[in-house]
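Encoded as structure tokens, the structure appears first; notes follow it.
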Amino acid sequence: MKIEFKEDGFNAITTITSTVFEFRLHNRVVDTALFLAPSVRAKRSGFFILKTVITGKASQVLRAYEALKVEASR
């Protein structure tokens, strides 16, 4: 699983990329991040390579990014 954070002034983007073998972990991580930072938007795509892009205000996306790192390390 690969998690990237990119800040662009007011907005920020976090990208989560994983394989189909990590499907359950990918969904758990994304759901946890969206639960802890409810004002962000997520867009999912892919079948064999799962990719989720979380966008929003920098402070909210940073909060989601920190939750992503903690949940992915479990």
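Per residue, the solvent-accessible area of the chain (1.4 Å probe, heavy atoms of protein chains only, all protein chains present) comes to 67 Å². Please identify the chymotrypsin sites (Phe, Trp or Tyr not before Pro) of the stretch 1-37 that satisfy two criteria: DSSP loop assignment and at most 13 other Cβ atoms within 10 Å. Which are they? Of the chymotrypsin sites (Phe, Trp or Tyr not before Pro), the ones in loops of the stretch 1-37 whose Cβ has at most 13 other Cβ atoms within 10 Å are 10. When restricted to Cα atoms, the chain yields an Rg and a Dmax of 11.2, 35 Å, respectively. Once the Cα atoms are used to define both axes, helix 58-72 deviates from the longest principal axis of the chain by about 30 degrees. Rounded to the nearest 10 degrees, the inclination of helix 23-36 to the longest alpha-carbon principal axis of the chain is 20 degrees.
In a fully extended conformation the segment linking residue 59 and residue 39 would gain 6.2 nm over its present Cα-Cα distance, using 0.36 nm per residue.
Could you work out the relative contact order of the chain? I mean the mean sequence separation of Cα pairs under 8 Å and 6+ apart, divided by the number of residues, in percent. Show your work: numbers first, answer last.
Values: 133 pairs, mean separation 27.7, N = 74.
Over the chain, the number comes to 37 percent.
Taking 13, 54 and ordering them by how much accessible surface each has at a 1.4 Å probe, largest first, produces 13, 54. Of the solvent-accessible surface of the chain, computed with a 1.4 Å probe over protein heavy atoms with every protein chain present, carbon and sulfur atoms account for 57 percent.
The values are calculated or read from the model by the stated rules, or taken from the named source; none is laboratory data. Only a predicted model underlies this, so the values are computations on that prediction, with no experimental measurement involved. Glycine also receives a Cβ, built like all others from the backbone with ideal geometry; neighbour counts cover every protein chain displayed. Heads up: the accessible areas ignore ligands, DNA and RNA and are worked out on the full protein's heavy atoms, side chains in. Shrake-Rupley method; radii C 1.70, N 1.55, O 1.52, S 1.80 Å.
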